[in-house]
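Below: the structure, in structure tokens.
The values are calculated or read from the model by the stated rules, or taken from the named source; none is laboratory data. Source: prediction; values computed, not measured. Neighbour counts are summed over all protein chains in view; Cβ atoms, including those assigned to glycine, are modelled from backbone coordinates with ideal geometry. Calculation scope for accessible area: heavy atoms of the full protein, side chains included, ligands and nucleic acids excluded. Shrake-Rupley method; radii C 1.70, N 1.55, O 1.52, S 1.80 Å.
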Amino acid sequence: MSYRTSPSADYVEDVSPGRGALPPRAWYASSDAPSLSLNGSWRFRLSATADAEDDAFAEPGYDAGGWAEVAVPGHWVLQGDGAFGSPIYTNHLYPFPVDPPHVPTENPTGDHLRVFDLPSDWPSDGGAVLRFDGVESCARVWLNGTELGEFKGSRLPHEFAVGHLLKPGGNVLAVRVHQWSAGSYLEDQDQWWLPGIFRDVTLLHRPAGGVGDFFVHASYDHTTGEGTLRVDSDVDGRVTVPALDIDIATGESVTVAVEPWTAETPKLYDGVLATEGERVPLRIGFRTVVLEDGLIKVNGRAVLFKGVNRHEWHHEKGRALDLETMREDVLLMKRHNLNAVRTSHYPPHPAFLDLCDEYGLWVIDECDLETHGFTEQDWRDNPVDDDRWTPALLDRAARMVERDKNHPSIVFWSLGNEAGTGRGLTAMAEWIHDRDPERLVHYEGDWNCRDTDVYSRMYAFHDEVDKIGQRLDGGTRKRRELPFIQCEYGHAMGNGPGGLADYQELFEKYERLQGGFIWEWIDHGVKHPELGYAYGGDFGEELHDGNFVCDGLVFPDRTPSPGLVEYKKVIEPVHIEGDGANGIVRVTNKQDFADLSALAFEWSCQVDGETVESGALAVPALAPGESAEVKLPEPPVDGRGGERQWTVRALLADDTLWAAKDHVVAWGQFAAGARPLPSFPATDRPVREADRITLGPAEFDARTGALRSIGDVEVSAPRLDVWRAPTDNDAGAEWQTDTRYGMLWRTLGLHRMRHRLVSVEAGDDALTVRTRVAPAAREVGLDTVYRWTSDGERLRLSVSVTPEGDWTVPLPRLGVRFGLAQADRVEWFGGGPGEAYPDTRTASMIGRWQSSVDELQTPYLRPQENGARADVRWVELGGLRIEGDPEFWFTARRWTTEQLDAARHRTDLTPGDTVWVNLDHGQHGIGSQSCGPGPLPQYFLKAEPAEFAFVFSTTT
Ligand code: GAL
């Protein structure tokens, strides 16, 4: 056989979507037509440019024995231990010159080769289709030496008719994949650039008379309780739904009583579409999505999205996800009360949408389109406003809609993300509205809402959202009539996001606000042998955006971060509040569709954080939006005079698809009595002996007044501490210059405070140490007085702080830090089990908790302040018991704040000999300023006069 030499690589820079592929159609699995997965190990050859090699490798008989191998699905840059190049991370900058449609001559090109035999029972009649579910960014395909075509549109399916080319054995499938193409200009999403065949490759038998494309229309009329089904099909056939006694011809409608599909009640009916040559299973969900009265309504009711943006991510495999990983995402979302996903910023693997149908999640399905890098040139030459690119845009829209149109979970089609505005987007919206008038269209980039059915924004601050809720935000007439969602908010980068509860309050207050989607689901950390997880810059990229790619509610290995735990509490479907003094609990069903019959309620009563009694609580099966007051039992009689509180939990009454019986869905806690504060009369007096002062169990340095030990426990003396290793949200985004406190704190020098000793006074009943704490080069300071008293056994430290000078910034933290030579187990009574800060504390539950020092750490990928526990009444560690007056924030770690601040990766942190303990009277809020608002004013830790105290005793 001969082959053509020097194939032109012109198609790489061609703005057209490609050539040779079949028209897009619905994605389905046949009941009876066989298919052959071509996933597995493929031969692989990497070249440096698009045209370095000819296409001889596509010919049968080519000897690729000397080639490397890669796994398909996969990205070659994540395989071969660096031999095949590396990932590149940029947020919006194109990692190549903006010179559309041209791409660099250096264009890593991977030739992929796979030889396969047909199974012996592969039917000899009919045709066959070769399907690629995702290839980044441009592929040219040959089968048995015949070129099939080439395509772009990385996260979209492409199929080729191949029946006439197949042989029983030795079929040679050759795929040439270019990292860069004209298509790359349309795929400038904030994520790693990862070339490769990263989704399945499948050969599908197509029987004669088999199903082609079909469109399930299943609506629900909430006024009658009836559903109407019609299945339009390219190939005529019959549709049966046994549970509904439906047996109709394709194209024919039938209306019957049904249970509707909602994300809360994802009722699916199994059906079959049968044509002459094939049967295809259907999973039908009846629901109707409309824009009515300025609201997004499903089945007649306005919905509130409690959503998240989900990129596809696996820390070793990149965007090549297997079914179990997808299911894990869905399970985690359901278990954390989420009800919606935006598939940012491309259609996901189709199996993910099946899971959304099955488990119940509202979906905004987003097209694979982003041209954000053009913002650098004021959007000049933006492909979405250039007619030459419109066919490519329409191709992308069609490939998404046609593939995914049969999923009841999808309520919105999204045109893409951050692509500016332009005629191409309008053309997409028009095509989509026409093709599928039964769903709504979303796009954030056009605040005038020219083409969309919802006013959508990202990272709007709370005060603006409040205005939008009241319809005081102006805008075009069309926009004023539309509902509002935040397609991105709550930037979950590092510690945070803060302020979620405040957003949720707004969403629940104003009808126009229909919720939002946290940015984002998962940190895109790449597993790395030395760094733990790599982020931008770790592969030597010349342009990169650092750890901006690590901004998820779950860590790269899908461990929930405190942000997810907080979000779960903020969006809980049942609100439980109580009046502890009168023993009354008020329960509100915050769901949109389901009553409370799936839940069981349980009360418990705690004394000093320990549960003394518990029992079932009868709560009526309230309808959505309804509330009821329920009487709690008589408080248990208990001789102890401690702090009393009630906890009420809502649990799953039975096993569900996504969690087992007794899974906690929601909870509320309320005090039944005040906390007795620790106090004692100061009976001991400080005694000076040579170089030391003793007071009760404590010994101090006589010259400096520094505490040295309490009983047998040696300590390095508590000192005022105001520094925390700035979080990503403290550091803020580069475009928010005047409120980036993480930076301003450092400029002021809060990370290098000096402590000037003013006096050490051993008085009659107290040892008083006066100091002034201030940074070099500045006149601001904090007058700090430590007053020590004792009753012989216990030691009380009262700290009083008076700011001096003109403090123009809030403080990061305010408290004392001290060191313990030995500490491991920690027990405390206060907020837990996880971390909390002033505006991330909704999920912090008051109780008795235990941990090791190591487990107290939250392993953010870029190390930063973490691990504080809120409302701590007392803590025991390292032989000490510390009680707070008032409650305090507690942190302990095996490294100093300075070491934490200096670290770039988790692996930079190595435990030292000392455990450093912070007891804080205050912490500054967290906010989400890494891309959004900073903490709200009520969470500022202002530099103001403060007094707080701790009582120390030994536990041994
Ligand atoms: C948005 C964008 C996301 C991501 C986020 C910041 O502007 O749509 O893709 O970049 O900001 O993490």
Practice task
Taking the Cβ of CYS550 as the centre, find all other residues whose Cβ is under 14 Å away and add up their charges (Lys, Arg: +1; Asp, Glu: -1).
Solution key: -3
Exercise for the section: Would you kindly state how much longer the chain becomes between ASN448 and HIS164 on full extension, computed as 0.36 nm times their sequence separation minus their alpha carbon distance, in nm to one decimal? Expected result: 97.2 nm
Problem - Loop chymotrypsin sites (Phe, Trp or Tyr not before Pro), the range 104-149 (other Cβ atoms within 10 Å of the site Cβ: 12 or fewer; DSSP) - result: none
Fill in the blank from the handout: Once both label points are put 7 Å beyond Cα along the C-beta direction, the GLU734-ASP381 separation in nm becomes 2.1 nm
Exercise for the section: Working from the alpha-carbon coordinates of the range 291-569, get Rg over Rh, Rh being the Kirkwood radius. Expected result: 0.95
Completion exercise
Computed from every Cα-Cα pair in the chain, P(r) in 10 Å bins starting at 0 and rounded to whole percents is 2, 11, 19, 21, 18, 13, 8, 5, 2, 0, 0
Fill in the blank from the handout: For the HIS433, GLU252 Cβ pair and Förster radius 22 Å, calculated FRET efficiency rounded to 0.05 is 0.30
Handout entry: the range 622-669 and the range 839-899: distance between their alpha carbon centers, rounded to Å
Key = 26 Å
Handout entry: Label-point separation in nm, SER800 to VAL637, each point 7 Å along Cα→Cβ
Key = 4.6 nm
Problem - Translational diffusion of the range 572-671, µm² s⁻¹ [Kirkwood Rh, Cα pairs; Stokes-Einstein; 4 °C; 1.567 mPa s] - result: 93 µm²/s
Practice task
Report the relative contact order of the chain, percent, no decimals, based on alpha-carbon pairs under 8 angstrom and at least 6 residues apart.
Solution key: 9 percent
Handout entry: Length added when fully stretched, SER614-ASP545, from 0.36 nm per residue minus Cα-Cα
Key = 19.7 nm
Practice task
Using every Cα-Cα pair within the range 7-206, state what percent have a distance larger than 20 Å.
Solution key: 54 percent
Exercise for the section: Could you calculate the contour length gain from HIS755 to ALA660, that is, 0.36 nm times the residue separation minus the distance between their Cα atoms, to one decimal place in nm? Expected result: 28.7 nm
Fill in the blank from the handout: With ARG480 itself left out, Lys, Arg at +1 and Asp, Glu at -1 over residues whose Cβ is under 11 Å from its Cβ give +3
Practice task
Would you please give the FRET efficiency between ALA628 and ALA243, computed as 1/(1 + (r/R0)^6) with r the Cβ-Cβ distance and R0 = 56 Å, to the nearest 0.05?
Solution key: 0.95
Problem - Estimated distance in nm for a label pair at ARG778 and ASP579, the labels positioned 7 Å out from Cα along Cα-to-Cβ - result: 4.7 nm
Fill in the blank from the handout: Phi angles of the range 875-883, converted by Karplus (6.51 cos²θ - 1.76 cosθ + 1.60, θ = phi - 60°) into ³J(HN,Hα) in whole Hz with x for Gly and Pro, give 9, 10, 7, x, x, 10, 10, 10, 10
Problem - Kirkwood Rh (inverse of mean 1/r, distinct Cα pairs), the range 687-954, angstrom - result: 18.9 Å
Problem - Förster radius 25 Å - calculated FRET efficiency between ASP121 and VAL272 (Cβ-Cβ, nearest 0.05) - result: 0.65
Handout entry: Loop sites in the range 704-761: GluC sites (Glu not before Pro), DSSP, at most 16 other Cβ within 10 Å
Key = GLU734
Problem - Diffusion coefficient, µm² s⁻¹, Stokes-Einstein with Kirkwood Rh over alpha-carbon pairs of the range 629-697 at 37 °C and 0.692 mPa s - result: 187 µm²/s
Problem - Helical contribution to [θ] at 222 nm, DSSP H n ≥ 4, -39,500 (n - 2.57), averaged over the chain, rounded to 500 - result: -3000 deg cm²/dmol
Problem - Cut-off 19 Å, label 7 Å out along Cα→Cβ of ASP764, residues of the range 792-831 by amide N - result: 792
Practice task
Pop out the ³J(HN,Hα) list for the range 942-956 in order, Karplus 6.51 cos²θ - 1.76 cosθ + 1.60 with θ = phi - 60°, rounded to Hz; leave Gly and Pro as x.
Solution key: 6, 6, 9, x, 8, 9, 7, 9, 9, 10, 9, 8, 9, 9, 9
Problem - Charge dipole (the range 583-684, unit charges on Cβ, about Cα centre) - positive-most of PHE601, SER614, GLN645 - result: GLN645
Practice task
Could you tell me what percent of the accessible area of the chain is made up of carbon and sulfur, with a 1.4 Å probe and every protein chain present?
Solution key: 47 percent
Fill in the blank from the handout: Given 48-61, 588-601, the highest-first ranking by average Cβ count within 10 Å works out to 588-601, 48-61
Handout entry: Peptides ranked, highest mean first, by Cβ atoms within 10 Å: ranges 653-665, 177-189, 487-499
Key = 487-499, 177-189, 653-665
Exercise for the section: For VAL951, tell me the accessible area in Å² from a 1.4 Å probe, rounded to the nearest 10. Expected result: 0 Å²
Problem - Cβ-based net charge around GLU376, under 13 Å, with every Lys or Arg adding one and every Asp or Glu removing one - result: -4
Exercise for the section: Provide the per-residue ³J(HN,Hα) series for the range 867-874, in order, calculated from phi with Karplus coefficients 6.51, -1.76, 1.60 and θ = phi - 60°, each as a whole number of Hz, with x at glycine and proline positions. Expected result: x, 5, 10, 8, 6, 6, 7, 8
